[in-house]
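Here's the structure, in structure tokens; my notes come after.
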Amino acid sequence: MKETLDSYFSALKGKHVAVLGIGVSNRPLIRLLLSYGISVTACDKTPREALDEEVLELERAGAVLHVGPDYLEGLCADVVFRTPGMHPENPALVRLREQGSVITSEMEAFFQVCPCEIFAVTGSDGKTTTTTLIAEILKKAGRTVWVGGNIGQPLLPLAGQMQPDDLAVVELSSFQLMDMTHSPRVAVVTNLAPNHLDIHKDMDEYIHAKEQIFRFQHQGDKLVLNYDNDITRGFADRAPGAVQFFSRTAQPAGGVWLEGDTVYLHGTPILTRRDILLPGIHNVENYMAAICAVEGYAAPEDIRAVAQTFGGVEHRIELVRELDGVRYYNDSIASSPTRTIAGLHSFSEQVILIAGGYDKHISFAPLGPEITSHVRLLILCGATAGKIRDAVTAAPDYAPGHPEMVEVTTLAEAVAYARAHSHSGDVVLLSPACAAFDQFKNFMVRGETFKTLVRQLEG
């Protein structure tokens, strides 16, 4: 409630606070700090001449801007709010810590002041869909739900409006989790596979970051884990609270599993695959994770009602349009090979796949055989085009021309090529298996660009 929020920010009065990163997610935090009369230095690598009007408005409101390529040099502060994309062991943060600065984040602060129970979801794949499903089911059950975190909505500025009986559902990235010292009432880890190794120093660090979601749980809390994933299954031995598994391949005691086309909870049928509007077996897994999370908070009929009506989250196997019998899908969120593999498995037909992008230093070897099995035409674009091509040609079942492969320079060329080489009944799927940063600001901009290009195609 507002008293808790007031207490937190009142304790910062008289201290010098630095906020690292002036992106969309941190701007509400800066405004909130200023509203409490706190001295704020807002830091960002964007040069002053490239700042937008909203940032300049923060300066007029009292924030001191420290921007440009050297934005971290000479910085001094009592409290530092780290942007999620900055590694906690960044040399500037190490120096600030050694000087006595307290390093925190918007999400860490939210966990400290949130007056209601928190559900949190992390994993390599399926985080956003699972987070959204949990929230939608809880809403259907009549609860007031606040959704945010890595899914896009900063929650700290809203904490003063929350009531003890409300529920908060947050998506947490590995970067947000790395130095967290609080855990949620209900934690979900969807799966783990190599990801973000361009920022994490190795896979061990990535796994350790994900473990933070349950490290500070208490005995009465719950951890939901994917039984079919070797890494997440191993988390159970270190969980302080209760553990509940979901599985497609086994029947974990006290958990959720898939048998045939039916999803069971404790042996009781909850829903069937026919009930689930979203395509793909990976979305069945997302529902199983959500069912574990909402047990005791929602009824089976709430789960089924959502399954039968929920059409998915933007940029996640999103149907853009059907043109001349060809369906175009936007799966721009697929920034790792495992996400693209899940997307390919969502369709019974072989697809025309548009892939490639920024290099996160992840092996594409597992993707190669999946492409040879599920792709008729592979259109490669971006910095990783050559690496993906090599993974396909190295696949055991690869034969020249199966799939046909072509490299283009831009996404516009990729869409045009797909249009020219598709026929009625085909599926064109943007599922890049890579981040977007080589050509786009983020996966959302990439997805929006794809949708615009597809909608501009003439029949």
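Which of the trypsin sites (Lys or Arg not before Pro) across the range 402-459 are loop residues per DSSP, with 10 or fewer other Cβ within 10 Å?
Taking the range 402-459 and a limit of 10 other Cβ atoms within 10 Å, the loop trypsin sites (Lys or Arg not before Pro) found are Lys441.
Which value, in Å², gives the accessible area per residue of the range 49-193 when a 1.4 Å probe is used on the protein heavy atoms?
With all protein chains present, the range 49-193 gives 36 Å² per residue.
Once you charge only the Cβ atoms, +1 for Lys and Arg and -1 for Asp and Glu, what is the size of the charge dipole of the range 329-439 about its Cα centre, to the nearest 20 debye?
Around 120 debye, computed over the range 329-439.
Report the extension gain between Val24 and Ala11 in nm, rounded to one decimal, defined as 0.36 nm multiplied by the number of residues separating them, less their alpha carbon distance.
2.2 nm
Considering only protein heavy atoms and a probe of 1.4 Å, how much of the accessible area of the chain is carbon and sulfur, as a whole percent?
Carbon and sulfur: 50 percent of the exposed surface of the chain.
What ranking do 49-56, 37-44, 5-12 get when scored by the average of other Cβ atoms within 10 Å per residue, highest first?
Output ranking for 49-56, 37-44, 5-12: 37-44, 5-12, 49-56.
Express the accessible area of the range 235-390 per residue in Å², computed with a 1.4 Å probe while the remaining protein chains stay in the model.
38 Å²
Taking N as the number of residues in the range 275-349, what value does Rg over Cα atoms divided by 2.2 N^0.38 Å take?
Computed over Cα atoms of the range 275-349, the ratio equals 1.23.
Please give the FRET efficiency for Thr410 paired with His218, using the beta carbon to beta carbon distance and R0 = 41 Å, rounded to the nearest 0.05.
The calculated FRET efficiency here is 0.20.
Please compute the modelled spin-label separation between Glu448 and Arg95, points set 7 Å along Cα→Cβ, answer in nm with one decimal.
Taking the two extended label points, one gets 3.5 nm.
If you count, for each residue, the other Cβ atoms within 10 Å and average over each peptide, how do 432-440, 88-96 line up from highest to lowest?
Per-residue Cβ counts within 10 Å, averaged per peptide and sorted highest first, yield 432-440, 88-96.
For a distance above 24 Å, tell me the whole-number percent of Cα pairs in the range 306-459 that qualify.
Tail fraction, whole percent: 24.
Compute the Rg to Rh ratio over the range 333-372 from the alpha carbon atoms, using the Kirkwood formula for Rh, and round to two decimal places.
Rg/Rh: 0.93.
Quick one: grab Rg to one decimal and Dmax as a whole number for the range 57-130, Cα atoms only, in Å.
15.8, 42
If DNA, RNA and ligands are ignored and the probe is 1.4 Å, what is the ranking of Thr104, Thr46 by accessible area, most exposed first?
Result, largest first: Thr46, Thr104.
Mind jotting down the three principal axis lengths of the chain based on Cα atoms? Whole angstrom, largest first.
67, 56, 40
Starting from the Cα of His402, step 7 Å along the direction of its Cβ; do the same at Ile281; then give the gap between the two resulting points in nm.
That separation, rounded to one decimal, is 2.2 nm.
With a ≥ b ≥ c the root eigenvalues of the C-alpha gyration tensor of the range 114-166, is it rounded (a/c under 1.5), prolate (a/b larger than b/c) or oblate?
Since a/c reaches 1.5 but b/c is at least a/b, the shape of the range 114-166 is classed as oblate.
Let me know the shape class of the range 101-202, please: from the alpha-carbon gyration tensor, a ≥ b ≥ c as square roots of the eigenvalues, rounded when a/c is under 1.5, otherwise prolate if a/b is greater than b/c, or oblate.
Taking the square roots of the gyration eigenvalues as a ≥ b ≥ c, the range 101-202 is oblate.
At Leu56 and His423, where each label point lies 7 Å from the Cα along Cα→Cβ, what is the point-to-point distance in nanometres?
5.6 nm
The values are calculated or read from the model by the stated rules, or taken from the named source; none is laboratory data. Just so it is clear, the model here is predicted, and its values are computed rather than measured. Positions of Cβ are backbone-derived with ideal geometry, glycine not excepted, and every protein chain shown enters the neighbour counts. Surface accessibility is based on the protein's heavy atoms, side chains included, excluding ligands, DNA and RNA. Shrake-Rupley method; radii C 1.70, N 1.55, O 1.52, S 1.80 Å.
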